[in-house]
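Have a look at the structure below before the remarks.
The values are calculated or read from the model by the stated rules, or taken from the named source; none is laboratory data. Small disclaimer: the values here were computed from a predicted structure and weren't measured. Using ideal geometry, Cβ is built from the backbone for each residue, glycine included, and neighbour counts are taken over all protein chains shown.
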Amino acid sequence: MTMPLLEVRNLAKRFVGRAGRDQPLWVIQDLSFSVADGEFLTIIGPSGAGKTTLLNMIAQIDVANGGEVKFQSQVSPLNDPKALSPGLSCRIGYVTQEDNLLPWRTTLQNVLFPLEVQGRLDAVAREHVAKLIRAVGLGGFENHYPHELSGGMRKRASLIRTLAYDPPVILMDEPFGALDAQTRTQLQEDLLRLWNLGKKTIVFVTHDIGEAIALGDRTLVLSRAPAKIVGEHLITIPRPRDIRGIMMHPEFAGLYQRIRAEVQ
Amino acid sequence: MTVQNTALDLDIRGPSPLRKYGVTIGRILLIIALFWIWKFGAEAAGPLYIADPVKVLQRIITDTESGALVRDVYVTLRLSLIGFAIGCAAGILLPFLLRLVPRISNAVEPYILASVGIPKYALIPLFILYFGIDDAPKLWLIGLLVFYPVFIAVFAGIRSVDNRLINMARIVGAGEFTIAREVIWNSLLPFFFAALKISLPRAVSAAVIGEFLVGDEGLGYLIEHSRQNFDTVGVFVGIVVATALVLVLNTVLVWADKRVNGWRPVERHMEL
């Protein structure tokens, strides 16, 4: 493996107790891992394990209290929220748990929003966005407002909003968590297809073991808070993968058992 | 089975005409009734206290033809709108500036909220003392009356903006100005329009009151001047026209609100 693109070393995060009544709570302590360029890393952990906090710190919308996050040999600031650079100049995209679409913008306007603020909105970009919209089955819904879309459609819109401006790294925080199984599988397939086209680096957080195996090149298992890495698994199931049939793959059951034993 | 049949019949025929136009007919009847109560009151109380509605209408027509009333409406409208614009601008800008300096914002917030309690009309003599007898004291009054609802709505609106949307915008590369204009401004528009619906009628009221006291033009002057000449018809003309002015301005506002906030899932318009 070459030099990692993203490196998390001895990371720590503390939540301050309420007005001195509670002890400060360490949600993450001494967490280290690295992500290679072009890798699809999945991170799995029980709820409350600080998964979202971890991604927030990588995306620099939350500040770490110890250790470091290094991206392309650039180190995140510690303890000082003002010194943060959210998204690291559009190099780290973030698909959050909620879709966070702007409710007053239509689907198309929402997907174009990043390109618009980055001043990159030209005919080529519009063409690219139109393709993405069709690729995830949102064709015909370009002029609908978010509240007129289903949950799955909003997720798709939020996903391609990030893909549209093409950041080299994308963080995903249980993006398909609140969806029904059918829509979810569909979106996982969409995501893998789009990832195969661009080969981005993806850090995908989930609490679904099956999803972690089906999507990732490698899976990290986090413990309960304070979060530590308790397991690491290379997933060698060849790509392109058939999400619907992945459970039948001979490697799946063994991986599932081992990861499940670690997730507590 | 009978119940089912009735329901079916209704479905086919749709609502009866009486149901469909019932409300409109009721409204028209109510207006006619009010008109007659007014007319009856005028006859009972005498023309010095309550002007005859027919005479009021006639006066409105003749004064509109002569141009005198048009001039008064123009003067009051102009004053109201300028004061309204000043109050709005201040009420919008100040919260956005305070947002940039949270410490100062927290420090001054209780004082600004306490100053809401100052009865603004009580300041008129001071405004006349400071700013003379032209438009300036009236504009101060109108501006202040408009400023407070707008300021409070925008201030509260800014605080209630979904932080996740702001974070999203930051991550995709939006600067502070873009965030203010796109995320915060759009989030607080419903609050803003609620405030406008309170402050627009206030602006006209304040202009009329200002004209009672200072100046020799406008609807307020018309009302007060007519009273001094025992011209009750003139007083009523002023009141009716001022009311109509507020209603027209409000219609414009409701229309603008529908255009701007049309994306909202449920229309919750407070039509004052």
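Below is a table of values for the structure above.
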item: Sole residue being over 22 Å from A:L215 (Cα atoms), within 9 Å of another protein chain (Cβ to nearest Cβ), not basic (K, R) and not in a helix (DSSP H, G or I), chosen from A:L138, A:L102; result: A:L102
item: Search result, residues across segment A:59-86 that are in contact with a strand residue (DSSP E or B) (Cβ under 7 Å, 6 or more places away or on another chain) and small (G, A, S); result: A:A59, A:A64, A:G66, A:G67, A:S76
item: Test: residue in segment A:66-86 that is within 16 Å of A:T162 (Cβ to Cβ) and of a type in the set (F, W, Y); result: no
item: Within segment B:153-204, tally of residues that are closer than 28 Å to A:Q118 by Cβ and either within 12 Å of another protein chain (Cβ to nearest Cβ) or in contact with a Lys or Arg (Cβ under 7 Å, 6 or more places away or on another chain) (or both); result: 29
item: Hits in segment A:25-66 - residues which are over 26 Å from A:Q188 (Cα atoms) and out of contact with any helix residue (DSSP H, G or I) (no Cβ under 9 Å at 6 or more places or on another chain); result: A:L25, A:W26, A:Q29, A:D30, A:S32, A:N65, A:G66
item: Any hit, segment B:225-244, residues being without any contact (Cβ under 8 Å) to a residue 24 or more places away in the chain and under 15 Å from the mean Cα position of the chain (by Cα); result: yes
item: Number of the condition not met by A:P81 [criteria: (1) surrounded by 13 or more Cβ atoms within 10 Å (Cβ to Cβ); (2) modelled with pLDDT under 90]; result: (1)
item: For A:G38: the one exception among (1) within 24 Å of B:I166 (Cβ to Cβ); (2) more than 13 Å from every other protein chain (Cβ to nearest Cβ); result: (1)
item: Qualifying positions in segment A:74-99 - more than 8 Å from every other protein chain (Cβ to nearest Cβ), within 15 Å of the chain's Cα centre (by Cα) and part of a loop (DSSP other than H, G, I, E, B); result: A:R91, A:Q97, A:D99
item: Where A:A64 falls short, out of the listed (1) touching a residue at least 40 places away in the same chain (Cβ under 8 Å); (2) within 14 Å of chain B (Cβ to nearest Cβ); result: (2)
